[in-house]
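Student: My questions will all concern the structure given below.
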Amino acid sequence: MNPLHPPALLRGMTQPRTRRDVFKIAGLSAAGLALAACGVQGQKAAPPKEDEMKDFWADQKQNGHVVFANWPDYMPTDHGPLKKFQQETGISYEYKEVIQETAEFFGKIDPVLRAGQPLGYDIVVITNGIQFQHMIELGHAIPLDQSRLPNFNANAGESYKNRAYDPGNKYSVPYASGFTGIAWNTKYVKEKITSIEALFDPKYKGRVGMMADAQEIGNFGMFALGIDPEKSTEDDWRKAGEKLKAQRDAGIVRKYYAQDYIDAVSRGDIWITMAWSGDIFQRQLAGEPVDFVVPEEGGTIWTDNLLIPKGAANPVDAMMLMDYLYKPEIATELDEFIQYVTPVPAVQDMLRQKAESASGEEKESLLEMADSPLMFPTEADYAKLRSYTPLTTAQQQVFNPIFQSITQA
Amino acid sequence: MRRLTPYLLALPGWMWMAIFLVVPLGAMASVSLQTGNAIDGFVMTFSVSNYSDAIGGYSIQLVRSLVYGGVATLAMLVIGYPVAYWIAFKGGRHKSVYLFLLLLPFFVSFVLRTISWGFLLADDGILLGTLKSWGLLHPDFRVLATSFAVVAGLTYNFLPFMILPIYVALERVDPRLVEAAQDLYAGRGTAFRKVVLPLSLPGVFAGVLMTFVPATADPVNAQVLGGTSNTMIGNIIQTEYLINNDYPTASALSFTLMAVLLVGIFAYARVLGTENVLEAAAR
Amino acid sequence: MRDARTRIGDRLLHAYTWLVILWLVSPIAVMIMFGFNDKKSKSNATWQGFTFKWYGELFALTDLTQALVNSLAIAIVSTVVTVVIGTMLGLALGRHRFRAHGATNFLVFAAISTPELVMGASLLSLFVSANLPRDAVTITIAHVLFSLSFVTVTVRARVGTLDPSLEEAARDLGAGPWATFRQVTLPAIMPGVLAGAMLAFALSIDDYVVTSFVNGSTLTFPLWIVGSVKTGIPPQVNVMGTLIFSVGVLIAIINTIASRRRA
């Protein structure tokens, strides 16, 4: 206490303390209430009954507007397909490129949906996997109106209907797919890679890239042991984990990548790596020295799916847009831009037709796309491709640590 | 009235932080003591074991982060102090321009900066490739995917946060004082040590606070520049929260990290006697 | 004798400072270069030739352009708010001993030490429970929150070096508190305030993690860019970065010339 302070001041200073006590108590009670209210309420939703859903859809009408949330660069810049949709149906659209990463996006919409608030989107794009599973289990997705999918039923490839992660396309239809295989830099690796064992080969010590994602790397660990991830058991996962741990301990892996493997392999920092088909295709178009293969032992196919989130304001319009994207001309326009794997097989021929009436660079690139096994996998490829290991939430808690302990050591 | 001044001054800041920091953090603290999963929900079980499990399971990454953060902070201090010194004493009329130039690269997205570094530091790229072709480097030498790269990245990304506060403190020092001290102590070194350095301590403290803390918690540099053994605690928290949806563990780890950092900072403040320095300066 | 040595020392320090600035700027050079890359596919990773065409198509991606505008607007608003609140807080902490001093200090430290992920996630929960829609307003609130400590600490470091006798003198001469502040205190702490403002702006315009939680469907520049990594970052991003940087350099040059004139 400074003796220079006047007595009035000292009196003044004692008052705030009493006021502060009041605030303290108020604060503590508020905190107490917050704590009590703070159990994140989980709701394992019982799957909606058939008649419930029929009633739901019977009550819905076309509203004339649709809000589509997607990844950036996943739609032609001029919004061609969406504009045509608007012309044909009169439904106006809002297109928002708000998804940066699946896990983050889910982490963002989950609290909102749990609180029963609408997202403001009628269609969202979720990759199959853990978050997709959560969307279904938590009741965050509205089951689709199967009667409104004529184009999908007519034009979608058989392998895109009735996937293991969404039997009967109850909640989703595919938007674009990609597959995970092995890519290598042709300047440093002169041989043609065919086997997954190349990733484990000590002669590439320190030059191998693996993916950090547990589901991706888990699949490859299993492929290397001849295990089918779609039918795997906990025992299988552990075995795969051991194989991957040995790979790591031998110093073969340079890094566990997110998506940045593509720059690394193109530059030659790594010579051989797990890779997504779409990334390699793009780089090949740019003339970069990379090549790709689906290993004999197997590769992973993943799909970005269209879903209708709970609380969507315009579900009927959403269904119409989702189905519209399955018209062959529209799917072609879409795939020409996205350059991943379209769920509509007819696109391949349409691209060739388009190439015939085109010329020069455009013709070249259209043919390159139509002929590329990276955009149009062969029957043989499809036979080797498997989805991610199907996991319940309880199983995730066993699966994830096995592989994360290797990639995050 | 005058004695209410600090309270009035601090009030808006207090309110902002009370509403947007304290309440949400309180909620997180509560989550850190819960059990459950994303589907079935979480319930409060006061499970302090969340903390011990998290710390036990990730002690390596925690320690590693503190080490990386510490080394990077030291590097930033060594690299940045002379820059702050020069700008403060010799920057003349253009002082703020220099500061602005230091920060300008950070107005451009970190993704672009990091990708560009990847390009520059590629094993056979424009820098290393050239040096290797001249025989100055071993062909297997690399910068990326090493702990050096991660620490260098942290140093690069937070350097202005060290330079600016040191500059701010140094700029106040009267250059004539420095000259007089140099005459008195017959040398720049001693003058610096006995006069300039102590006066700059509030700035150094601020700089260390604003760099060590975020650097230790940073996930980006480890993710982009690291190899197989460089995972930091920020990455772990991210994975637990976003991938595993294990909110209690993520929260427990975050609070552990915050606690360690706060203890470190307070200890540092004590050791430095910064509080005393501030008081002395204010008198 | 000492003069010569001092001058060499000064020159070295000067050169060193520029070296550091160049180091900080070096990746920007790469970014600028790839804004001129005549790339044919979506990949912008290898040099394929020189072109100006991306400068012509700068605004072709409407969402990206909007994201950039959002980022700039939010950065400006949040910087102003943060500087006002943070300067007040820095003053309170730096020169007054008051009862809540320790607690306030603690809050400031706590804000800095909160991992971005935790801050973002907990803010989102707060906004959701308060039924506050997530948009540019919530982003700005979040940006002010994490920049506040940085401005406070910077201003406080400056305030800690001030001589209170100047202010006392002003008061003895009859100046009221606001006049004292405006004409004595503020000029004295201005370097700290300016430095804090620049830090706050940089923090806001480049933020990713916290923004990604609280943005709703409002996009900012960093968010758009990260989202486009999956399919390939378009060169318009490089061009925009180049323009931002060039404007900054221009401002710096104008400032230099202006202050030289002033002398």
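Coordinate-derived values only; no laboratory data. Just so we're clear, the structure is a prediction, and the values are computed from it rather than from any experiment. Note that we place each Cβ from the backbone using ideal geometry, even for glycine, and neighbour counts take in every protein chain shown.
Student: So if R0 is 41 Å, what FRET efficiency would residue C:254 and residue A:87 give, r being the distance between their Cβ atoms, rounded to the nearest 0.05?
Tutor: Step by step, r from the Cβ atoms, then E = 0.25.
Student: Which value at 222 nm does chain A reach when only helices count, each DSSP H run of 4 or more adding -39,500 (n - 2.57), with the total divided by all residues and rounded to the nearest 500 deg cm²/dmol?
Tutor: Working: 16 runs with 184 residues, N = 409.
That calculation yields -14000 deg cm²/dmol at 222 nm.
Student: With labels modelled as points extended 7 Å from the Cα through the Cβ direction, what inter-label distance (nm, one decimal) is found for residue A:392 paired with residue B:267?
Tutor: Roughly 4.6 nm, to one decimal.
Student: Further question on the same structure: Summarise the partner chain shielding of C:189-200 as one whole number: the mean count of Cβ atoms from other chains within 10 Å of each residue's Cβ.
Tutor: Mean shielding by partner chains, rounded to a whole number: 5.
Student: Could you give the alpha-carbon Rg of the protein assembly as shown over 2.2 N^0.38 Å, rounded to two decimals?
Tutor: After normalising by residue count via 2.2 N^0.38 Å, the value is 0.99.
Student: Could you go through the stretch B:238-243 in sequence order and give the Karplus-derived ³J(HN,Hα) for each residue, using 6.51 cos²θ - 1.76 cosθ + 1.60 with θ = phi - 60°, rounded to whole Hz, and x for Gly and Pro?
Tutor: Result, rounded to whole Hz: 4, 4, 4, 6, 7, 8.
Student: What is the magnitude of the charge dipole of the protein assembly as shown about its Cα centre, with +1 placed on the Cβ of each Lys and Arg, -1 on the Cβ of each Asp and Glu, and no other charges, expressed in debye to the nearest 20?
Tutor: Roughly 4880 debye, rounded to the nearest 20.
Student: Then there's this: I need the phi-derived Karplus couplings for the stretch A:338-353: 6.51 cos²θ - 1.76 cosθ + 1.60, θ = phi - 60°, integer Hz, Gly and Pro marked x.
Tutor: Computed from phi, the couplings for the stretch A:338-353 are 5, 6, 9, 8, 8, x, 10, x, 4, 4, 4, 5, 5, 5, 5, 4 Hz.
Student: Of C:218, C:138, C:51, which is the most mobile in a GNM of chain C whose springs link Cα atoms less than 10 angstrom apart?
Tutor: Comparing C:218, C:138, C:51 in a Gaussian network model of chain C, the most mobile one is C:51.
Student: Would you please give the residues with an amide H less than 5 Å from that of residue A:386, counting only those at least 5 places away or on a separate chain, with H modeled from the backbone geometry?
Tutor: When sequence neighbours closer than 5 places are left aside, the close amide H contacts are A:299, A:300, A:301.
Student: Let me ask you something else. Calculate the length of the line joining the C-alpha centroid of the stretch A:56-103 to that of the stretch B:1-77, in whole Å.
Tutor: 39
Student: While we're here: Starting with the highest mean, order B:21-32, C:121-132 by the number of other Cβ atoms within 10 Å, averaged over the residues of each peptide.
Tutor: Values: B:21-32: 21.9, C:121-132: 20.2.
The packing order, highest mean first, is B:21-32, C:121-132.
Student: Note down the nm distance, to one decimal, between modelled labels 7 Å out along Cα→Cβ at residue A:353 and at residue B:35.
Tutor: About 6.2 nm, to one decimal.
Student: Rounded, prolate or oblate: which fits chain B, taking a ≥ b ≥ c as square roots of the Cα gyration tensor eigenvalues, rounded meaning a/c under 1.5, else prolate when a/b beats b/c?
Tutor: oblate
Student: For chain B, what does -39500 (n - 2.57) per DSSP helix run (n ≥ 4), summed and divided by total residues, give at 222 nm, in deg cm²/dmol to the nearest 500? Mind showing how you got there, number by number?
Tutor: On the way: 15 runs with 196 residues, N = 283.
Estimated from H runs of four or more residues: -22000 deg cm²/dmol.
Student: Report the residues of the stretch A:263-293 in range of a label on residue C:51: point 7 Å along Cα→C-beta, backbone N strictly under 15 Å from it.
Tutor: Inside the label zone: A:285-287.
Student: At a Förster radius of 51 Å, what calculated FRET efficiency corresponds to the Cβ-Cβ distance of residue B:177 and residue B:45, to the nearest 0.05? Provide the component values of the computation, followed by the final result.
Tutor: On the way: r = 61 Å, r/R0 = 1.19.
Plugging the Cβ-Cβ distance into 1/(1 + (r/R0)^6) gives 0.25.
Student: Across peptide A:388-400, what mean number of C-beta atoms from other chains lies inside 10 Å of a residue's C-beta?
Tutor: 2
Student: Shifting gears a bit: In nm, give the distance between the simple-model label positions of residue B:138 and residue A:379, each being 7 Å from the Cα along the Cα-to-Cβ direction.
Tutor: 5.3
Student: Provide a whole-number value for the mean count of partner chain Cβ atoms within 10 Å of the Cβ atoms in peptide B:203-216.
Tutor: Working: counts 7, 1, 4, 11, 3, 0, 8, 7, 1, 2, 7, 8, 0, 2.
Mean inter-chain Cβ contacts per residue within 10 Å come to 4.
Student: Let me ask something else about it. Alpha carbon centre of the stretch A:125-163 versus the stretch C:84-126: separation in Å?
Tutor: After rounding, the separation between the Cα centres reads 46 Å.
Student: Along the charge dipole of the protein assembly as shown, pointing to its positive end and built from +1/-1 on Cβ of Lys, Arg, Asp and Glu, which listed residue (C:178, C:123, B:264) has its Cα farthest out?
Tutor: The residue sitting farthest along the positive end of the dipole is C:178.
Student: With respect to the cross-link table entries A:203/C:230; A:96/A:231; A:83/A:354; A:96/A:310; A:231/A:327; A:187/C:42, which display a Cα-Cα separation exceeding 28 Å?
Tutor: A:203/C:230; A:96/A:231; A:231/A:327
Student: If you add up the charges near residue A:289, with Lys and Arg at +1 and Asp and Glu at -1, over every other residue whose beta carbon is less than 15 angstrom from its beta carbon, what do you get?
Tutor: Result for the neighbourhood of residue A:289: -2.
Student: If I take every Cα pair under 8 Å that is 6 or more residues apart in chain C, average their sequence separation and divide by the length, what percent do I get for the relative contact order?
Tutor: Relative contact order comes out at 32 percent.
Student: Compute the helix-to-body angle for A:315-324: its Cα long axis versus the longest principal axis of chain A, expressed 0 to 90° and rounded to tens.
Tutor: Roughly 20 degrees between the two axes.
Student: Oh, and also: Could you give the semi-axes, largest first, of the ellipsoid that matches chain C, computed as the square roots of 5 times the alpha carbon gyration tensor eigenvalues and rounded to whole Å?
Tutor: Semi-axes, largest first: 38, 29, 16 Å.
Student: Moving on. Does chain A come out rounded, prolate or oblate, given a ≥ b ≥ c as the square roots of the eigenvalues of its C-alpha gyration tensor, rounded meaning a/c under 1.5 and, failing that, prolate meaning a/b above b/c?
Tutor: Working: a/c = 1.92, a/b = 1.32, b/c = 1.45.
Judged from the Cα gyration tensor, chain A comes out oblate (a/c at least 1.5, b/c at or above a/b).
Student: In whole Å, what is the distance between the alpha-carbon centres of the stretch C:154-175 and the stretch A:331-359?
Tutor: 72
Student: Take each of the peptides A:195-205, A:367-377, average the number of other beta-carbon atoms within 10 Å over its residues, and list them starting from the highest.
Tutor: Details: A:195-205: 16.6, A:367-377: 19.1.
Result, highest mean Cβ count within 10 Å first: A:367-377, A:195-205.
Student: Let me ask you something else. Provide the per-residue ³J(HN,Hα) series for the stretch C:175-192, in order, calculated from phi with Karplus coefficients 6.51, -1.76, 1.60 and θ = phi - 60°, each as a whole number of Hz, with x at glycine and proline positions.
Tutor: Values per residue, Gly and Pro as x: 6, x, x, 5, 4, 4, 4, 5, 9, 10, 5, 4, x, 5, 9, 3, x, x Hz.
Student: Still on this structure, I have one more. Please report, in whole Å³, the volume per residue of the convex hull around the C-alpha atoms of the stretch A:179-300.
Tutor: That works out to 84 Å³ per residue.
Student: If you don't mind, there's one more thing I want to ask. Under 10 Å, Cα contacts only: if you run a Gaussian network model on chain A, which one of A:97, A:362, A:242 comes out with the highest mean-square fluctuation?
Tutor: Greatest mean-square fluctuation among the candidates belongs to A:362.
Student: Oh, and also: Going by amide H atoms built from the backbone, whose H comes under 5 Å of the H on residue A:175, apart from near neighbours?
Tutor: A:304, A:305, A:306
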